[in-house]
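The values are calculated or read from the model by the stated rules, or taken from the named source; none is laboratory data. Since the structure is predicted, the reported quantities are computational estimates derived from the model, not experimental observations. We place every Cβ from the backbone using ideal geometry, glycine too, and count neighbours over all the protein chains shown. These area figures cover heavy atoms from the full protein model, side chains too; ligands, DNA and RNA do not enter into them. Shrake-Rupley method; radii C 1.70, N 1.55, O 1.52, S 1.80 Å.
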Amino acid sequence: MSGGIAAYKAIEVLRRLRDAGYHVAPILTPDATRFVGPLTFSALASEPARVGLYDDPQMPIPHTALGQSADLIVVAPATAHLIARYAAGLADDLLTATLMATASPVLLCPAMHTEMWEQPVVQENLATLRRRGVLVLEPERGHLAGGDDGTGRLADPATIVELVERIVAGYRGPLTGHRVLVTAGGTREPIDPVRVLTNRSSGRQGYAIAEVAARLGAAVTLVTTTDLPLALDVARRIDVVEVVTAAEMRDQTVFAAAQSDVVVMAAAVADFTMDPAANKLKKVDGPPHLDLVATPDILLELVASRRDGQVIVGFAAETTDVVSNAQEKFMRKGVDLLVVNDVMTPGAGFESRTNEVRILMRGRDPEVISMRAKESVALEVLTRVVALLPQGDQ
Ligand code: CTP
């Protein structure tokens with residue numbers, strides 16, 4: 001806990017964590033003790049609450065003992081000051097010293113007034129921490145101290161505890177021990193230094209597959225053209241590789257596929273690229289003639305160099321003759337499973353949070369997965385992937 005009025009809500013977080021069976025060691029900053037008494041936390045927690053670096057003669061270096069033994073450190077509330085000190089690498093009290101002395105995941109739950117939350121310096125500090133792998137559960141909108149309303153209210157204790165449960169769940173599932181490679185987003189092929197050829201893929205379905213694969217126990221590599229936020233509970237289990245063009249995607253995907261048991265090509269790879277102009281094409285020169293050349297078909301290359309037992313999933317975006325086009329693509333690509341989107345269906349395909357797909361799989365009739373969240377579609381796809389993995393390997 002750091003020193004904000006929301007520190008009183010940390011009591012509820014602590015109580016719920018204890019009810020869920022967790023061992024909780026409370027640390028308060030000196031300022032937090034102005035809002036809540038350490039005694040309250042000591043009474044409810046698994047260990048006495050700690051404040052100072054030098055308070056306990058039995059424990060001369062408490063920050064390392066606490067930092068090393070924690071499975072997860074939750075800072076709730078995290079004030080603007082705490083966030084700044086953590087981002088700057090300061091270790092001037094027990095809480096910041098413990099944050100510096102841990103290799104475990106850290107979840108920050110910021111709480112502050114809207115004006116403070118919106119300060120660029122606060123957002124930049126959080127961006128820095130996120131880049132370093134710190135998880136941030138954003139504050140909610142609602143009533144704030146002093147009768148104000150706005151964004152900055154500590155996330156609901158139930159939400160915090162639910163997220164803690166998911167982070168420490170240790171995700172063991174049917175993909176445990178397997179590496180899954182997922183590609184996501186639409187590639188961008190430069191025309192000149194300013195313009196690109198691209199498509200409407202948002203990357204959401206690929207991200208959903210990466211996240212669900214991690215929850216099923218997989219180690220995940222995500223080769224992506226888009227920078228979407230990853231679900232906090234699995235962010236640390238997914239290696240993100242950012243690419244732009246079809247050629248970069250090909251190189252990173254072929255490289256990662258050699259180590260993967262499952263490959264899911266959810267990306268919308270441009271079929272054509274060009275040698276980009278060195279300088280911006282000028283309007284006065286009239287409509288440019290673009291000399292397009294075919295990109296390498298990554299999926300075909302992956303299928304041709306497939307490892308023993310590797311399961312390869314392709315995607316298809318269709319607008320016409322969906323059933324026959326999908327069947328033809330399934331045969332031509334040589335994949336184990338093809339997930340087909342009719343992108344003309346409202347609520348399906350690009351830029352949508354939901355999807356409706358048709359799944360083609362060797363030896364099975366095509367199946368229609370009715371309209372649902374992309375996470376649920378991901379689970380349907382991965383459940384079928386698990387069934388295709390070599391027996392005894394699951
Ligand atoms: N794909 C790929 N490399 C490419 C183009 C596509 O690996 N250069 C992959 C996509 O990631 C997807 C699958 O192939 O998994 C099908 O993509 P799609 O564009 O629907 O198929 P195409 O073969 O390009 O056929 P068309 O565009 O003519 O429908």
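Could you state the per residue volume, in Å³, of the convex hull enclosing the Cα atoms of the stretch 5-168? The partial results should precede the final answer.
Working: hull volume 17.2 nm³, N = 164.
In the stretch 5-168, the Cα hull volume divided by residue count equals 105 Å³.
Determine the dipole magnitude for the chain: charges of +1 sit on the beta-carbon of Lys and Arg, -1 on that of Asp and Glu, nothing else is charged, the reference point is the Cα centre, and the result goes in debye to the nearest 20. Could the numbers behind the result be given before it?
Details: 38 positive and 48 negative charges, 60 e Å.
For this selection, approximately 280 debye.
List the residues whose amide H sits under 5 Å from the amide H of VAL220, counting only those 5 or more places along or on another chain, with H placed 1.01 Å from N in the peptide plane.
VAL180, ASP239
Of GLN259, LEU82, ALA10, which is farthest along the charge dipole of the chain in the positive direction, counting Lys and Arg as +1 and Asp and Glu as -1 at C-beta?
The residue sitting farthest along the positive end of the dipole is GLN259.
Express as a percent, rounded to the nearest 5, the fraction of DSSP beta bridges in the chain (both residues included) that run antiparallel.
35
If you filter the stretch 276-305 for trypsin sites (Lys or Arg not before Pro), then keep DSSP loop positions with at most 13 other Cβ within 10 Å, what is left? Before the final figure, lay out each step's value.
Values: sites: LYS280, LYS282, LYS283; in loops: LYS280, LYS282.
Qualifying residues, ordered by number: LYS280, LYS282.
What Kirkwood hydrodynamic radius do you get for the chain when you take the inverse of the mean 1/r over all pairs of distinct Cα atoms, in Å?
Working: mean 1/r = 0.0423 Å⁻¹.
Mean inverse Cα-Cα distance, inverted, gives 23.6 Å.
Quick one: Karplus J couplings for the stretch 325-341, per residue in order, coefficients 6.51, -1.76, 1.60, θ = phi - 60°, nearest Hz, x for Gly and Pro?
The phi angles translate into 4, 5, 4, 5, 5, 4, 5, 5, 7, x, 7, 7, 8, 10, 9, 10, 9 Hz.
Would you work out if the stretch 179-388 is rounded, prolate or oblate? Take a ≥ b ≥ c from the square roots of the eigenvalues of the alpha-carbon gyration tensor; rounded if a/c is under 1.5, else prolate when a/b is larger than b/c, oblate otherwise. Mind showing how you got there, number by number?
Numbers: a/c = 1.64, a/b = 1.47, b/c = 1.12.
In terms of gyration-tensor shape, prolate.
Give me the net charge for the shell around ALA258: Cβ to Cβ below 14 angstrom, other residues only, Lys and Arg +1, Asp and Glu -1.
Working: positive: ARG179, ARG250, ARG306, ARG307; negative: ASP251, ASP261, GLU301, ASP308.
Surrounding charge for ALA258 is 0.
Could you order PHE35, PHE350 so the one with the most accessible surface comes first? Probe is 1.4 Å.
Values: PHE35 95, PHE350 70 Å².
Solvent-accessible surface, decreasing: PHE35, PHE350.
Carbon and sulfur atoms: what percent of the 1.4 Å accessible area of the chain do they account for? Working shown, then result.
Working: 10010 of 19010 Å².
Carbon plus sulfur share of accessible area: 53 percent.
With a cap of 13 neighbouring Cβ atoms within 10 Å, and only residues DSSP puts in a loop, list the trypsin sites (Lys or Arg not before Pro) found in the stretch 117-149.
Counting only loop positions with at most 13 other Cβ atoms within 10 Å, the trypsin sites (Lys or Arg not before Pro) in the stretch 117-149 are ARG132.
Please list, ordered by chain and number, the residues whose modelled amide H lies under 5 Å from the amide H of GLY349; skip anything fewer than 5 residues away on the same chain.
Here GLU356 satisfy the definition.
Identify, among MET249, THR354, SER305, the residue whose Cα sits farthest towards the positive end of the charge dipole of the stretch 179-388, taking +1 on the Cβ of Lys and Arg and -1 on the Cβ of Asp and Glu, with the dipole about the Cα centre.
With unit charges placed on the Cβ atoms, the residue in question is THR354.
For LEU197, what residues show an amide H to amide H distance below 5 Å, using hydrogens built from the backbone and excluding near sequence neighbours?
Distant-sequence amide H within range of LEU197: GLU189, ILE191.
Where the centre of each part is set by its Cα atoms, how far does the stretch 155-223 sit from the stretch 73-116, in angstrom?
Measuring centre to centre over Cα atoms gives 26 Å.
Convert each backbone phi in the stretch 70-86 into a coupling constant with the Karplus relation 6.51 cos²θ - 1.76 cosθ + 1.60 (shift: θ = phi - 60°), then list the ³J(HN,Hα) values in order as whole Hz, x for Gly and Pro.
For the stretch 70-86, the Karplus curve yields 6, 7, 7, 10, 10, 9, 9, x, 9, 7, 4, 5, 4, 4, 5, 5, 5 Hz.
Give me the accessible area per residue for the chain, probe 1.4 Å, as a whole number in Å².
Spelled out: the 1.4 Å probe surface of the chain, per residue, equals 48 Å².
Only bridges whose two residues both fall in the stretch 316-382 count here: according to DSSP, what percent of them are antiparallel, nearest 5?
Details: 10 of 13 bridges.
Approximately 75 percent, going by the DSSP bridge assignments.
Using +1 at the C-beta of Lys and Arg and -1 at the C-beta of Asp and Glu, which of GLY152, GLY21, ALA111 has the Cα lying farthest in the positive direction of the dipole of the stretch 5-168?
Positive-most Cα among the choices belongs to GLY21.
Short version: ³J(HN,Hα) in whole Hz for each residue of the stretch 45-61, in order, from phi by Karplus 6.51 cos²θ - 1.76 cosθ + 1.60 (θ = phi - 60°), x for Gly and Pro, what are they?
Ordered by residue, 3J(HN,Hα) equals 8, 8, 9, x, 5, 10, 10, x, 6, 10, 6, 10, x, 6, 10, x, 10 Hz.
Would you kindly find the accessible area of ILE191, with a 1.4 Å probe and non-protein molecules such as ligands, DNA and RNA excluded, rounding to the nearest 10 Å²?
20
For LYS283, give me every one of the aspartates and glutamates with a C-alpha distance below 17 angstrom, ignoring sequence neighbours fewer than eight places off in its own chain.
ASP192
What do you reckon, how do ARG153, ARG364 stack up by accessible area (1.4 Å probe), largest on top? Don't skip to the answer; put the middle values down first.
Working: ARG153 80, ARG364 110 Å².
The ordering from most to least exposed comes out as ARG364, ARG153.
What is the antiparallel percent of DSSP beta bridges lying wholly in the stretch 239-394, to the nearest 5? Each step should come with its number before you reach the end.
Details: 12 of 22 bridges.
Around 55 percent antiparallel, to the nearest 5.
Leaving ligands, DNA and RNA out of it, rank VAL121, VAL269 by accessible area with a 1.4 Å probe, largest first.
Working: VAL121 85, VAL269 35 Å².
Reading off the accessible areas and sorting them downward yields VAL121, VAL269.
Which value, in debye to the nearest 20, describes the size of the charge dipole of the stretch 1-119 about its Cα centre when Lys and Arg Cβ atoms bear +1, Asp and Glu Cβ atoms bear -1, and nothing else is charged? Show your work: numbers first, answer last.
Numbers: 7 positive and 11 negative charges, 43 e Å.
Roughly 200 debye, rounded to the nearest 20.
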